[in-house]
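For reference, the structure is listed below as structure tokens.
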2 protein chains.
Amino acid sequence: MGDSDATLRRRATFAAGLGASMQPMNGKSAAASQSSVTADFGRDNGLGKRDRMVETARSKSKSEKHKRRNDISERMSCHKTQESLLSSSSGFSNYRGILNWCVVMLVLSNARLFLENLLRYGILVDPIQVISLFLKDPYSWPAACLVIASNLFILVALYTERQLSKGSFTERVGFQVHCINMVNMLTFPAAVVLLVPSVTPVGGVFVVGTHSILFLKLYSYKDVNKWCRELSSVKAKKLARSLSCPSAQHLNGGDRKVCYPGNLTIRDIYYFVFAPTLCYELNFPRSPNIRMSFLLRRLFEMLFFMQMLVGLTQQWMIPIIESSMKPLEDMDLTRMTERLLRLAVPNHLLWLMFFYGFFHSSMNFSAELLRFGDRQFYNDWWNSETVTYFWQNWNIPVHKWCLRHFYKPLLRRGFSKMVSQSAVFFLSAFFHEYLVSIPLRMFRLWAFTGMMAQIPLAWFVGRYLRGNYGNAAVWMSIIIGQPFAVLMYVHDFYVLHYRQEAD
Amino acid sequence: MGDSDATLRRRATFAAGLGASMQPMNGKSAAASQSSVTADFGRDNGLGKRDRMVETARSKSKSEKHKRRNDISERMSCHKTQESLLSSSSGFSNYRGILNWCVVMLVLSNARLFLENLLRYGILVDPIQVISLFLKDPYSWPAACLVIASNLFILVALYTERQLSKGSFTERVGFQVHCINMVNMLTFPAAVVLLVPSVTPVGGVFVVGTHSILFLKLYSYKDVNKWCRELSSVKAKKLARSLSCPSAQHLNGGDRKVCYPGNLTIRDIYYFVFAPTLCYELNFPRSPNIRMSFLLRRLFEMLFFMQMLVGLTQQWMIPIIESSMKPLEDMDLTRMTERLLRLAVPNHLLWLMFFYGFFHSSMNFSAELLRFGDRQFYNDWWNSETVTYFWQNWNIPVHKWCLRHFYKPLLRRGFSKMVSQSAVFFLSAFFHEYLVSIPLRMFRLWAFTGMMAQIPLAWFVGRYLRGNYGNAAVWMSIIIGQPFAVLMYVHDFYVLHYRQEAD
């Protein structure tokens, strides 16, 4: 009884198997007997080759049994010797999905943080409040006045260069005038910010930042013009001019190449002041035209990221900073670490937004507007495997300036690479401290120390960590280092201003 | 005055440049004049070719000026037309560092969460408490007794197969005995767990899980033995035997191949019961020997992950679940979402640890101990771009069983792929619900619904999402779907047990 059952099922299975393996006859298979298979074949192929058909049918019946056997024995053996994928001996290494996992986990974690923050604090974003950061008294605009006054430094630099080109000033006199001009450029705004109480910290950063950029630009302007004069004194004037200005032909459709004294115009110096670079050049590469859509996209990004920066600071940074004051005062180390890590995420996101908004959106915006061709404002610092690579690539305008006007001149004067590199870090540390201490009106050297700490860090990472480990170390130093400095300054600022009031 | 200064500096610069480009004479360069260069050359190369030396010196002096000019003009032009890397037109696509960024961010976020948790709750880990999860009354071990009693089912299955092989049972009688045996295997432990109050939920999961695995194993045992009998009835007994047992030679150094009725021994069935597979086979592939170091490493991992699982549950999961009860009762949607996202991270980490601990460590451990050769307990589900691929690859033993004993038999009986696939999901949903509802003693169908929801999800992901988006969707469904079901069950369990007490 059971046997016949099994036979029937076997046939059905075979037919299904045959149907699968022989596509053309898959319609009529079912529990087809041998003769029906033969008949089918006969009908399809005509009657002439009947003998061969019978032969085929017989061999089919054999192969049917054979298939059936193979089918069952295939079903029966379903294991083979092999290693687990996660065993090192398996040699498997495709973990592509892990990146997606990381992204999903980060998105979810931050969505959670966002919700938690909203539930705890409600909505803190207040765009109007931002204005009060710039203005204490709406009738006094010290920051704006200072920025307008900075035009004077530009005009002095241009005047000096004109006198030098005409020979009215000797090199030494010119150098002295430039020096006085440049020292004033750093000390005058600093003095005003320190002494005038109506300058807010944010206004102060703006003033001091503008003047620092101007300082670097005019230093470059002075250097390049001096090189032009040197170049003309190396050889006969004609040859030199043809070098500093290889061919006075039309370039990029309409732009004439400018040669040395011809560049000393108001138009030229102001183009340089507004161009997104710190390195002066007589003939900047120009893009052929202004792409409106590109311009508008960058403008939109600028506005969007500015809003995001303000919103995230109000909603996310400030509550954490406020809640960190107590542990910082008590020097409660565990809570301080927890607050530091908590601050690290929004601080890092803000920095990334600032990076994109400033180095990509607004620099590309001004470059597009001025048809400035060289858009290399940053390099792929996110892949940096050494600290040095990061500092050389995240801020290309400053890096280029340092290389051209500070590092290479030092090398030419015979200093070693090591000393010159340290000097660059020192200069950078000075400017970092200058940009933070003056507006906050307190000197704590946290920024300076942070920058100088990059030298041993660079040595350590370069020496002991390679590839992805180096990259992770660089990220770690960015993500942890910054909020550490921020917390230090905020703490000191708080202690200085609010605890004194409380006492 | 300034002019002579410039000349001097120029010479020094040239010399340094020359020193760099001509390594052999880099010792004595400094402010070397043309004549000293000539003299140096003369001394080094002997006196004979003085004329040529003078000639060389002259051309050197020319090339010196040339170099100097090139040097300055190189310095002067430092910009070239190029796009920013993040502009789509730059064609740049190396964001390798972003993976490291993700890892660093995840590590830091979780370190922060860990610290916050410690600060809020203190240390909650208590290894002793775990024992109370298994035992209510130390003198009554219902779970252990049930597991010991399950040996009876194994012996019944073996006895039935022996009778079938001898022909004492017909196929129909054998089938009926197997059916009764298998229905008992699922209902008996379920009834005991539901009716005996001293079985804890954890003990219940253990009992029900063991019996489910045994059910699947004995089903496979029955099927394979039936196939063996079918195979021997297809052809003459001799030929069939040579097929089910291709060559009765020594295999893998000493292991004899077993043929059909020869496999029906206590030793063989117990090897299969303990082997990390659900699919029976007469001759499993065997590994040549037991690697002690491999065994110990897997054992260490098992113990480590078990501790981690318990610790994380006590420290991280339970506080969140407890704090979720209030929002869940009030149906406060924002807070519920926040708690769900908060639970998602530890729940997912626990699941990953469970996966590694169970599917890699303990399965490899038992495989190594039994010299079981096929270590494919999971495939690269982390790369799965469709939901189907995930379910086919994360649990290979169950997948293999479903394919061999459920999906393919359904196909052979003429059901369509779609129907068979849905049936597999249905079976899986049944077992998921069985494994959860019985130990918790409540029937809510959340697990069942969760599994059945995979069908439309699989359809949606397969239809609309490709590549990394599909992968991210799969991750998302794993990370969010699980804690959702967990929260639902915990909520219902809480309402059922604790609110009733409170009322």
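Annotations for the structure displayed:
- Selected residue (criterion: farthest from B:PRO319 (Cα to Cα)) from residues of the range B:454-502 that are within 11 Å of another protein chain (Cβ to nearest Cβ) and of a type in the set (S, T, N, Q): B:ASN468
- Within the range A:356-375, restricting attention to residues that are touching a residue at least 12 places away in the same chain (Cβ under 8 Å) and surrounded by fewer than 19 Cβ atoms within 10 Å (Cβ to Cβ), the residue that is farthest from the other protein chains (Cβ to nearest Cβ) is A:LEU369.
- None of A:TYR121, A:TYR95 is surrounded by fewer than 18 Cβ atoms within 10 Å (Cβ to Cβ), closer than 30 Å to B:ARG371 by Cα and not acidic (Asp, Glu) except A:TYR95.
- B:ARG339 vs. criteria more than 30 Å from A:ASN117 (Cα to Cα) and among the basic types (Lys, Arg): no
- Residues in the range A:409-431 that are surrounded by 18 or more Cβ atoms within 10 Å (Cβ to Cβ) and within 24 Å of A:VAL193 (Cα to Cα): A:SER428, A:ALA429, A:PHE431.
- Matching residues in the range B:286-301 - criterion: being within 14 Å of chain A (Cβ to nearest Cβ) and either at pLDDT 95 or above or under 24 Å from the mean Cα position of the chain (by Cα) (or both): B:SER287, B:ARG291, B:SER293, B:PHE294, B:LEU295, B:ARG297, B:ARG298, B:GLU301
- Per-region count, the range B:155-195, residues among the basic types (Lys, Arg) and farther than 26 Å from B:SER232 by Cα: 0
- Residue in the range B:260-285 that is surrounded by the fewest Cβ atoms within 10 Å (Cβ to Cβ), counting only those that are among the aliphatic types (A, V, I, L, M) and over 24 Å from the mean Cα position of the chain (by Cα): B:ILE266
- Among the residues of the range B:376-425, those identified as of a type in the set (Lys, Arg), within 11 Å of chain A (Cβ to nearest Cβ) and part of a helix (DSSP H, G or I) are B:LYS400, B:ARG404, B:LYS408, B:ARG412.
- Qualifying residue in the range B:107-128 (condition: more than 9 Å from chain A (Cβ to nearest Cβ) and over 30 Å from A:LEU333 (Cα atoms)): yes
- Number of the condition not met by A:PRO346 [criteria: (1) free of Cβ contacts under 8 Å to residues at least 24 places away in the same chain; (2) more than 24 Å from B:SER77 (Cα to Cα); (3) buried (at least 19 other Cβ atoms within 10 Å of the Cβ)]: (1)
- B:LEU164 vs. criteria surrounded by fewer than 18 Cβ atoms within 10 Å (Cβ to Cβ) and over 27 Å from B:HIS399 (Cα atoms): no
- A:GLU301 being over 21 Å from A:LEU155 (Cα atoms), buried (at least 17 other Cβ atoms within 10 Å of the Cβ), in contact (Cβ under 8 Å) with a residue 24 or more places away in the chain and out of contact with any Asp or Glu (no Cβ under 8 Å at 6 or more places or on another chain): yes
- If the condition is being modelled with pLDDT of 90 or more and touching a Lys or Arg at 6+ places or on another chain (Cβ under 9 Å), then the range B:345-363 contributes B:HIS360, B:SER361, B:SER362, B:MET363.
- Members of the range B:63-90 found to be more than 7 Å from every other protein chain (Cβ to nearest Cβ), more than 60 Å from the chain's Cα centre (by Cα) and in contact (Cβ under 8 Å) with a residue 40 or more places away in the chain, listed by number: B:GLU64, B:LYS67
- Matching residues in the range B:98-118 - criterion: being buried (at least 16 other Cβ atoms within 10 Å of the Cβ) and farther than 17 Å from A:TRP394 by Cβ: B:LEU99, B:CYS102, B:VAL103, B:MET105, B:LEU106, B:LEU108, B:SER109, B:ASN110, B:ARG112, B:LEU113, B:LEU115, B:ASN117
- Qualifying residue in the range B:295-317 (condition: farther than 20 Å from B:PHE114 by Cβ and in contact with a strand residue (DSSP E or B) (Cβ under 9 Å, 6 or more places away or on another chain)): no
- Sole residue being closer than 15 Å to B:CYS78 by Cα, of a type in the set (A, V, I, L, M, F, W, C) and in contact with a Pro (Cβ under 9 Å, 6 or more places away or on another chain), chosen from A:PHE406, A:PHE372: A:PHE372
- Under the condition of being in contact (Cβ under 8 Å) with a residue 24 or more places away in the chain and either surrounded by fewer than 17 Cβ atoms within 10 Å (Cβ to Cβ) or not small (Gly, Ala, Ser) (or both), the residues counted in the range A:308-335 number 17.
- Residues being assigned to a loop (DSSP other than H, G, I, E, B) and at pLDDT 90 or above - total across the range B:466-476: 0
The values are calculated or read from the model by the stated rules, or taken from the named source; none is laboratory data. Model, not experiment: these values are computed from the prediction. Using ideal geometry, Cβ is built from the backbone for each residue, glycine included, and neighbour counts are taken over all protein chains shown.
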